[in-house]
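First the structure, in the form of structure tokens, and then the observations on it.
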Amino acid sequence: MKAVGLPVSLHEASRPVEHAKLRVLGPGDVAVQAIIERVRNAERTVDIRAFLWRDDEAGNQMAQAVISAADRGAKVTIHKDKIAAVYEYTGGNKQSFFHKRVDATRGFQAWFLGLVYRAPGSFKQKPNALSAQMLAHPNITVEHLRKRFDHSKVYIVDDRYLMLGSMGIGDNHRHDWIDVMVEAEGADHVARLRERMAGHDEFDPSRGLDFLVHSREAHRAKSCPMISHRLALIDAAKVSITVEMAYFTDRRFTAALARAVQRGVHVRVITAELADVLGNSNRVTLDLLVRLSGARENLEIVLVPRMVHSKVVVIDHRYSDVGSANFTQLSHGVYDEINLYADNEVFAREIEAEIESHADEGTLLSQKLRWRRVYSGLERAVMAYQSRRGG
């Protein structure tokens, strides 16, 4: 697929955004506590879009911050996707913060995923007083009873602070996994995100800071405008591409990265040695990238021994694409996704420094990747089942 929607030269299309309004929130618990502190100190409003919210220490800390803000009079709205309950039942401590009733469909899916990914143990749900308190609080609205297909991870506080990235609410993100979360400050950025989510305007890189969005409500069925923009960002690269990504199964991105390698761009990919899900499918795709690019020296693949859950692309040490969208078909046409695009060299290099600290844990790929074909087939079947409503 040929990328469209952006000019070939981003240098001609974009003007840098002020760096003072952009921040990398740091690793693991540092980012979690920064977000919790923003929420706890909210004066007027909190808006949270959460795919995963586990009933564990991190989940309860976030809940306490929400209740503290609401008790002082802040109006809190939480968009929580029911479809993610399956992953809450399968991973971590297997306890969902909001979805305490395990229906037959999600129970079977959780059992099957647990079997495929070797996650034994009971997912029988235990009651949580904080969850009940939030659901009953007059200043807190929790939308959690339907499948929203909303994979985004966004926190908006007082219509001024906007935090987004790859981090779900759970101890695995806090202590074990690698994620990237960023913050943009300014009411204009919050207003722009809402405009983009509603489908009222197109992605505009000339703004310097904008949002790459897929919305099932705002966009035509079986379409995803963000994919053409993301592919165009890669196709516009002249010097370097740094990718830290959880999942890679959409081969349109594999082809775009291979094209970049072939035209001399230095491409660096950081990912998990074996991802929590789609691990074997990832390895198949990365092996294809090596073959398509001709195994050139300007392609580096770093495999990290723990889960890399980030969704970040940095182009030419200047342009950043960071948020919730993976390089998968689920992220481009099935799930709602929100990524931030920024033209700012200082911010881009801060993200690259964060990624480099993760790469220090890994090993540079130097031999052919191997994978289990049976597991790869099962993973593709799971992906196809999850994609049946869109894509």
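The values are calculated or read from the model by the stated rules, or taken from the named source; none is laboratory data. All figures in this text were calculated on a predicted structure; none of them were measured in a lab. Cβ atoms come from the backbone with ideal geometry, glycine included; neighbour counts cover every protein chain shown. For the accessible areas, the whole protein counts, side chains as well, though only heavy atoms, and no ligand, DNA or RNA atoms are used. Shrake-Rupley method; radii C 1.70, N 1.55, O 1.52, S 1.80 Å.
For residue 385, work out the one condition from (1) open to solvent by 50 Å² or more (accessible area, probe 1.4 Å); (2) at pLDDT 80 or above; (3) on the phi < 0 side of the Ramachandran plot; (4) over 14 Å from the mean Cα position of the chain (by Cα) it doesn't fulfil.
The single condition residue 385 does not satisfy is (2).
Return yes or no: is residue 220 of a type in the set (Lys, Arg) and in contact (Cβ under 8 Å) with a residue 12 or more places away in the chain?
Against the criterion (of a type in the set (Lys, Arg) and in contact (Cβ under 8 Å) with a residue 12 or more places away in the chain), residue 220 does not qualify.
Condition test on residue 249, is it out of contact with any Pro (no Cβ under 6 Å at 6 or more places or on another chain), open to solvent by 10 Å² or more (accessible area, probe 1.4 Å) and of a type outside the set (Gly, Ala, Ser)?
Against the criterion (out of contact with any Pro (no Cβ under 6 Å at 6 or more places or on another chain), open to solvent by 10 Å² or more (accessible area, probe 1.4 Å) and of a type outside the set (Gly, Ala, Ser)), residue 249 qualifies.
Of the residues 163, 167, only one is in contact with a helix residue (DSSP H, G or I) (Cβ under 8 Å, 6 or more places away or on another chain), open to solvent by less than 10 Å² (accessible area, probe 1.4 Å) and either free of Cβ contacts under 8 Å to residues at least 60 places away in the same chain or assigned to a loop (DSSP other than H, G, I, E, B) (or both); which? If you could, list the steps in order and put the result at the bottom.
Numbers: 163 fails: either free of Cβ contacts under 8 Å to residues at least 60 places away in the same chain or assigned to a loop (DSSP other than H, G, I, E, B) (or both).
Testing whether each residue is in contact with a helix residue (DSSP H, G or I) (Cβ under 8 Å, 6 or more places away or on another chain), open to solvent by less than 10 Å² (accessible area, probe 1.4 Å) and either free of Cβ contacts under 8 Å to residues at least 60 places away in the same chain or assigned to a loop (DSSP other than H, G, I, E, B) (or both) leaves just 167.
Being assigned to a loop (DSSP other than H, G, I, E, B), at pLDDT 95 or above and either on the phi > 0 side of the Ramachandran plot or crowded, with 19+ Cβ neighbours inside 10 Å (or both) is the filter here, so list the residues in segment 210-246 that pass it. Quick ask: steps written out before the conclusion?
Within segment 210-246, the first condition is being assigned to a loop (DSSP other than H, G, I, E, B), and the residues that meet it are 215-224, 236-239, 246.
Retained after the next criterion (residues that are at pLDDT 95 or above): 236-239, 246.
236, 237, 246 - these are the residues of segment 210-246 that are assigned to a loop (DSSP other than H, G, I, E, B), at pLDDT 95 or above and either on the phi > 0 side of the Ramachandran plot or crowded, with 19+ Cβ neighbours inside 10 Å (or both).
Just one of 18, 37 is open to solvent by 20 Å² or more (accessible area, probe 1.4 Å), out of contact with any strand residue (DSSP E or B) (no Cβ under 6 Å at 6 or more places or on another chain), modelled with pLDDT under 95 and of a type in the set (D, E, K, R); which is it?
When all the criteria are applied, what remains is 18.
Looking at (1) closer than 26 Å to residue 191 by Cα; (2) modelled with pLDDT of 90 or more; (3) of a type outside the set (Ser, Thr, Tyr), find the lone condition where residue 81 falls short.
(2)
Any residue that is outside any loop (DSSP other than H, G, I, E, B), under 30 Å from residue 268 (Cα atoms), basic (Lys, Arg) and open to solvent by 10 Å² or more (accessible area, probe 1.4 Å) - is there at least one of those in segment 171-187?
Among the residues of segment 171-187, at least one is outside any loop (DSSP other than H, G, I, E, B), under 30 Å from residue 268 (Cα atoms), basic (Lys, Arg) and open to solvent by 10 Å² or more (accessible area, probe 1.4 Å), which makes the answer yes.
Do we have any residue at all in segment 201-209 that's in contact with a Lys or Arg (Cβ under 8 Å, 6 or more places away or on another chain), in a helix (DSSP H, G or I) and crowded, with 22+ Cβ neighbours inside 10 Å?
No, every residue in segment 201-209 fails to be in contact with a Lys or Arg (Cβ under 8 Å, 6 or more places away or on another chain), in a helix (DSSP H, G or I) and crowded, with 22+ Cβ neighbours inside 10 Å.
Applying the selection to segment 255-280, what residues are open to solvent by 10 Å² or more (accessible area, probe 1.4 Å) and either touching a Ser or Thr at 6+ places or on another chain (Cβ under 8 Å) or more than 16 Å from residue 311 (Cβ to Cβ) (or both)?
255, 259, 262, 263, 264, 266, 268, 273, 274, 278, 280
List the pairs whose first member sits in segment 136-153 and is modelled with pLDDT of 95 or more, whose second member is open to solvent by 70 Å² or more (accessible area, probe 1.4 Å) and not polar (S, T, N, Q), and whose Cβ atoms are under 6 Å apart, counting only residues at least 6 apart or on separate chains?
139/75; 142/135
Before we move on, is residue 314 among the hydrophobic types (A, V, I, L, M, F, W, C), surrounded by 22 or more Cβ atoms within 10 Å (Cβ to Cβ) and out of contact with any Asp or Glu (no Cβ under 8 Å at 6 or more places or on another chain)? Spell out how you get there, then give the answer.
Values: among the hydrophobic types (A, V, I, L, M, F, W, C): yes; surrounded by 22 or more Cβ atoms within 10 Å (Cβ to Cβ): yes; out of contact with any Asp or Glu (no Cβ under 8 Å at 6 or more places or on another chain): no.
Considered against the rule, which asks whether it is among the hydrophobic types (A, V, I, L, M, F, W, C), surrounded by 22 or more Cβ atoms within 10 Å (Cβ to Cβ) and out of contact with any Asp or Glu (no Cβ under 8 Å at 6 or more places or on another chain), residue 314 comes out as no.
Is it true that residue 34 is touching a residue at least 24 places away in the same chain (Cβ under 8 Å) and in a loop (DSSP other than H, G, I, E, B)? I'd like the intermediate steps shown before the answer.
On the way: touching a residue at least 24 places away in the same chain (Cβ under 8 Å): yes; in a loop (DSSP other than H, G, I, E, B): no.
Criteria not met by residue 34.
For residues that are under 8 Å from the mean Cα position of the chain (by Cα) and either closer than 24 Å to residue 190 by Cβ or modelled with pLDDT under 95 (or both), tally how many sit in segment 313-336.
Selection size over segment 313-336: 4.
Six or more apart or on different chains, Cβ under 8 Å: which pairs go from a residue in segment 282-305 that's surrounded by 17 or more Cβ atoms within 10 Å (Cβ to Cβ) to one that's among the small types (Gly, Ala, Ser) and in a loop (DSSP other than H, G, I, E, B)? Could you list them?
Close Cβ pairs (under 8 Å, with a partner that is among the small types (Gly, Ala, Ser) and in a loop (DSSP other than H, G, I, E, B)) amount to 282/275; 302/362; 303/362; 304/362.
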